[in-house]
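The values are calculated or read from the model by the stated rules, or taken from the named source; none is laboratory data. Just so we're clear, the structure is a prediction, and the values are computed from it rather than from any experiment. Every residue, glycine as well, gets a Cβ built from its backbone with ideal geometry; the counts of neighbours run over all protein chains shown.
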Amino acid sequence: MGALQSKPAPTAAGGSPSTPTSDTIIPFRYLDNQSFLKQFVLVFTYRFDAVLDPEKLRHALQRLLESGDWKQLGARVRKNASGDLEYHLSQSFDDQRPALSWSDIKLEQNLADHPLACRLPRAAPDQHRPQFFEDAAAFVPLIEAAETPRKIEDWTSTDAPLLSFHVVKFNDATLVTVSWCHAFMDGVGIASLMRAWTAMLAGQDDTVAPVLSFDKDPVELLGCKRETAPEDYLNHGRSLSGSSLFRFVVNQLWEVMWYAKPETRMICLPGSFIAKLKEQAARDETEFVSEGDVVSAWITRTTARALSIPHSMPVAMANVLDTRDLIGEDILPSNSAYIGNMCIQFFTYVSAGELASESLGTTALRIRKALQEQRTGDQFEAYLSAHKQATAAGRPPLFGPWNMEMVNISSWLKARFFEYDFSPAVVRSAADGDREQASLGGRPSYISATGHENVPIPSRNVGCLVGKDVDGNLWMNWTIRKSAWPAFVGIATGNLE
């Protein structure tokens with residue numbers, strides 16, 4: 001496997017890996033160094049209904065990691081004396097210190113004949129209601145190599161590369177998985193990697209975007225350019241601190257005591273179902289709302305009903321969206337790839353009673369107006385200032401009433417994960433000799449997003465809009481109380497009024 005085959009190197013005496021003196025050391029950027037990001041390891045899997053050549057995939061990655069600042073993705077991670085993370089960039093890669101961790105296996109059977117792989121979700125044809133599937137985490141034994149890092153210490157205490165790839169090749173299908181710690185990059189960052197990877201695979205090296213150097217932090221550069229007061233942030237007055245933060249934490253602990261561990265499921269929203277939601281929202285309101293607004297409103301309303309949230313309780317809808325386009329060209333050129341975290345929460349506040357009584361379109365419009373107010377350059381800088389103020393005070397940057405029910409929705413729709421074309425690596429598709437079918441086989445039929453959450457209080461009322469497949473189905477995951485799932489499914493499918 002050459003410079004991409006790796007197992008974590010043994011540590012030096014004292015439990016820490018030795019560091020070559022030639023390494024360039026760069027501190028983590030501000031948003032990447034958040035404690036909660038260090039606790040999440042993301043596992044992202046593509047299923048292709050075609051046989052792909054692992055060697056072609058690997059070779060394209062190797063060439064990418066030898067190109068310009070893309071070499072930075074071969075860095076190692078260490079903790080400094082203050083406990084903060086830093087990158088150790090190698091001058092070159094070899095078999096002893098590869099750029100990526102790579103493994104691949106060949107199973108002499110069809111995917112449908114494998115006891116675990118056969119359970120991977122597949123959208124039913126002519127389905128017009130949401131479909132529900134088991135948690136993608138159930139497939140980790142299949143999609144992840146045993147030695148793949150699963151917590152930040154697996155990187156800082158070994159010489160493991162940032163990214164781990166694992167390919168499972170069947171007689172008629174291929175699974176490609178990439179794992180990384182959330183502190184390294186967000187979903188848009190991994191999309192930039194996928195875009196560059198497929199360009200190299202197609203021999204279009206000249207279209208690969210340059211990477212912003214790891215030693216440049218747009219957040220800090222914005223602060224140097226212009227200082228914005230925390231009080232300028234629209235939601236600054238809702239910042240949780242002191243007694244309000246204490247009461248909020250007690251509420252979370254109470255939830256955990258009564259409802260223990262939540263449950264995650266994958267959900268497929270058929271294109272026809274999405275179209276009906278959009279039609280309903282358009283009838284309710286004449287002003288523009290996006291597809292993301294409508295889906296977020298539907299998820300929040302369904303969750304509130306399934307949890308039987310009291311009508312008097314406030315609900316904070318937090319849409320986690322990318323902000324790269326809010327940073328000036330002089331700091332982050334639009335033609336460059338930013339490998340890091342640049343997604344933040346945009347809040348919409350409503351009561352459970354309002355969610356129950358108002359139309360879907362009205363809720364979607366609330367989200368749209370909140371985004372229009374908050375998703376500006378000035379408000380982004382003010383949010384960062386408020387974020388830094390909270391962090392410096394040793395408290396989380398949370399904004400809202402202490403008794404709120406939070407709903408967190410991350411959207412990767414603009415990343416267009418289903419559109420990346422791996423067809424140059426296709427060896428055999430469902431219809432050999434058919435160029436169109438081969439092209440479709442080079443695009444994923446399913447994508448799962450799961451991971452390892454190393455936290456004492458598991459997340460809930462949280463999920464991700466992963467993307468839309470070639471048939472227009474929207475795939476997402478969602479996490480709520482286990483006991484609330486029967487009601488959620490009943491409401492979503494129209495079987496529970």
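Quick rundown of the values:
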item	result
Within the range 211-240, considering residues that are within 28 Å of the chain's Cα centre (by Cα) and small (Gly, Ala, Ser), the one nearest to LEU31 (Cα to Cα)	GLY223
Residue that is surrounded by the most Cβ atoms within 10 Å (Cβ to Cβ), among those in the range 26-65 that are farther than 16 Å from PRO444 by Cα and among the β-branched types (Val, Ile, Thr)	VAL41
Which listed residue, of ALA337, ALA297, ALA318, is over 30 Å from LEU163 (Cβ atoms), modelled with pLDDT of 95 or more and of a type in the set (A, V, I, L, M)	ALA297
Subset of the range 84-98 (residues that are part of a loop (DSSP other than H, G, I, E, B), among the charged types (D, E, K, R) and surrounded by 14 or more Cβ atoms within 10 Å (Cβ to Cβ))	ARG97
Search result, residues across the range 190-217 that are of a type in the set (Phe, Trp, Tyr) and over 15 Å from VAL176 (Cβ atoms)	PHE214
Only listed residue being under 22 Å from THR303 (Cα atoms) and either hydrophobic (A, V, I, L, M, F, W, C) or under 21 Å from the mean Cα position of the chain (by Cα) (or both), chosen from ILE367, ILE331, ILE339	ILE367
Residue check, ALA81 in a loop (DSSP other than H, G, I, E, B), of a type in the set (A, V, I, L, M) and within 17 Å of PHE184 (Cα to Cα)	no
Tally of residues being at pLDDT 95 or above, out of contact with any helix residue (DSSP H, G or I) (no Cβ under 7 Å at 6 or more places or on another chain) and exposed (fewer than 15 other Cβ atoms within 10 Å of the Cβ) across the range 217-240	2
Members of the range 345-361 found to be of a type in the set (S, T, N, Q) and in contact with a strand residue (DSSP E or B) (Cβ under 9 Å, 6 or more places away or on another chain), listed by number	GLN345, THR348, SER351
Given (1) touching a residue at least 60 places away in the same chain (Cβ under 8 Å); (2) among the hydroxyl-bearing types (Ser, Thr, Tyr); (3) loosely packed, with under 15 Cβ neighbours inside 10 Å, number of the condition THR207 does not satisfy	(1)
PHE36 being in contact with a strand residue (DSSP E or B) (Cβ under 7 Å, 6 or more places away or on another chain), modelled with pLDDT of 90 or more and of a type outside the set (A, V, I, L, M)	no
Residues within the range 264-283 that are closer than 22 Å to ALA316 by Cα and over 25 Å from the mean Cα position of the chain (by Cα), tallied	1
Selection status of PRO262, crowded, with 20+ Cβ neighbours inside 10 Å and either at pLDDT below 95 or among the polar types (S, T, N, Q) (or both)	yes
Tabulated pairs, the range 451-478, first farther than 26 Å from PHE165 by Cβ and among the basic types (Lys, Arg), second in a loop (DSSP other than H, G, I, E, B) and at pLDDT 95 or above, C-beta under 8 angstrom, 6+ apart or interchain	ARG460/ARG481
Verdict on LYS482 being surrounded by fewer than 18 Cβ atoms within 10 Å (Cβ to Cβ), at negative phi and of a type in the set (D, E, K, R)	yes
Members of the range 282-294 found to be touching a helix residue (DSSP H, G or I) at 6+ places or on another chain (Cβ under 8 Å) and surrounded by fewer than 24 Cβ atoms within 10 Å (Cβ to Cβ), listed by number	ALA282, ARG283, ASP284, GLU285, GLU287, PHE288, SER290, GLU291, GLY292
